[in-house]
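Student: After the structure tokens below, expect a handful of questions from me.
The values are calculated or read from the model by the stated rules, or taken from the named source; none is laboratory data. Quick caveat, the model's predicted, so the values are computed rather than measured. Cβ atoms come from the backbone with ideal geometry, glycine included; neighbour counts cover every protein chain shown. Side chains are part of the model used for accessible areas, which takes the heavy atoms of the whole protein and leaves out ligands, DNA and RNA. Shrake-Rupley method; radii C 1.70, N 1.55, O 1.52, S 1.80 Å.
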Amino acid sequence: GQQVMQIPQYQHVQEGEDFTTYCNSSTTLSNIQWYKQRPGGHPVFLIQLVKSGEVKKQKRLTFQFGEAKKNSSLHITATQTTDVGTYFCAGQSNQFYFGTGTSLTVIP
Amino acid sequence: GAGVSQSPRYKVAKRGQDVALRCDPISGHVSLFWYQQALGQGPEFLTYFQNEAQLDKSGLPSDRFFAERPEGSVSTLKIQRTQQEDSAVYLCASSFSQGWNIQYFGAGTRLSVL
């Protein structure tokens, strides 16, 4: 079973609202990656975080890796309809685990 | 090719049939991964190759599942005596370097076992 949990499982937002998904691991991770999967598509790499407490930004997306390297978050500012999809974190400990995913719906 | 190519895109099998799924990774990529993704779930790791060596097969659910990458490029995932619970999308990903770095995914093979 999956050892990396994400919350929420689903999120519906009005276009322009912010969105955050949280990723929690039961074990310390050496690194964490984030992927986006559009409906009917395949996961597409967004970013990798390696250092404890690391924060990276990509335009409206902000990624954070926790101090203990057991959790991470993705925050999207002012969502757009193009942000629709499922966001997965994926972490490496002794193996590589994908999170359970957060499905984002943006209502125009 | 420019990306990871998987074939077939869709496969329907009768229960008990054997199937073979192909993955053609990005040229020069050292690492190759197979995942199983059930509907509404995240990808679950099956196996990992570094060149032709299968370094981790701990995610293969049973001995009916077998993967190979004999020349360090194309890989085949074989499922023997398919069962209904094998129905899922099988994703292949490749990575330029060894280990768990940026992975580029193929479009997947959707397997339906009737």
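Student: Towards the positive end of the charge dipole of chain B, with charges on Cβ (+1 Lys, Arg; -1 Asp, Glu), say which of B:TYR35, B:TRP100, B:GLN54 has the farthest Cα.
Tutor: Farthest towards the positive pole: B:TYR35.
Student: Given +1 on the Cβ of Lys and Arg, -1 on the Cβ of Asp and Glu, and no further charges, what dipole in debye does the range A:4-107 carry about its Cα centre, rounded to the nearest 20?
Tutor: 300 debye
Student: Same structure, new question: Buried by at least 50 Å² relative to the chain on its own: which residues of the range A:1-23 qualify, computing accessible area with a 1.4 Å probe on protein heavy atoms?
Tutor: Checking the loss per residue gives A:GLN2.
Student: Over the range B:5-98, average the accessible area per residue using a 1.4 Å probe and give it in Å², no decimals.
Tutor: Solvent-accessible surface per residue comes out at 50 Å².
Student: Right, here's the next one. How large is the convex hull of the C-alpha atoms of the protein assembly as shown per residue, in Å³?
Tutor: Convex hull of Cα atoms, per residue: 119 Å³.
Student: Measuring from a point 7 Å past the Cα of B:GLN83 along Cα-to-C-beta, which residues in the range B:58-77 have an amide N at less than 18 Å?
Tutor: The answer is B:58-67.
Student: Additional query: How large is the charge dipole for the range B:5-98, taken about the Cα centre, if only the Cβ atoms of Lys, Arg (+1) and Asp, Glu (-1) carry charge, to the nearest 20 debye?
Tutor: The dipole magnitude comes to about 360 debye.
Student: Indicate, rounded to the nearest 5 percent, the antiparallel portion of the DSSP beta bridges found entirely in the protein assembly as shown.
Tutor: 90 percent
Student: Let me check the size of chain A from its C-alpha atoms; what are the radius of gyration and Dmax in Å?
Tutor: Reported Rg and Dmax, both Å: 13.1, 42.
Student: Between A:GLN6, A:PHE96, A:SER72, whose Cα lies farthest towards the positive end of the dipole of the range A:4-107 when Lys and Arg beta carbons carry +1 and Asp and Glu beta carbons carry -1, centred on the Cα centre?
Tutor: Looking along the dipole axis, the top candidate is A:PHE96.
Student: Right, next: Averaged over its residues, how many other protein chain Cβ atoms are within 10 Å of peptide B:78-89's Cβ atoms?
Tutor: Taking the mean over all residues of the peptide, I get 0.
Student: Taking the Cα centre as origin and putting +1 on Lys and Arg beta-carbons and -1 on Asp and Glu beta-carbons, what dipole magnitude results for the protein assembly as shown, to the nearest 20 debye?
Tutor: Dipole magnitude for the protein assembly as shown comes out near 200 debye.
Student: Beyond 32 Å between alpha-carbons counts as too far, so tell me which of A:LYS36/A:LYS70; A:LYS36/B:LYS11; A:LYS36/B:LYS78; A:LYS59/B:LYS11; A:LYS70/B:LYS78; A:LYS69/B:LYS11 fall in that bin.
Tutor: In this structure, A:LYS59/B:LYS11; A:LYS70/B:LYS78; A:LYS69/B:LYS11 exceed 32 Å between Cα atoms.
Student: Can you pull out the buried accessible area for chains A and B, both sides counted, probe 1.4 Å, rounded to the nearest 100 Å²?
Tutor: Interface area, both chains combined: 1500 Å², rounded to the nearest 100.
Student: So, with a 1.4 angstrom probe, what is the percent of accessible area on the range B:5-98 that is carbon and sulfur?
Tutor: Result for the range B:5-98: 46 percent of the exposed heavy-atom area is carbon or sulfur.
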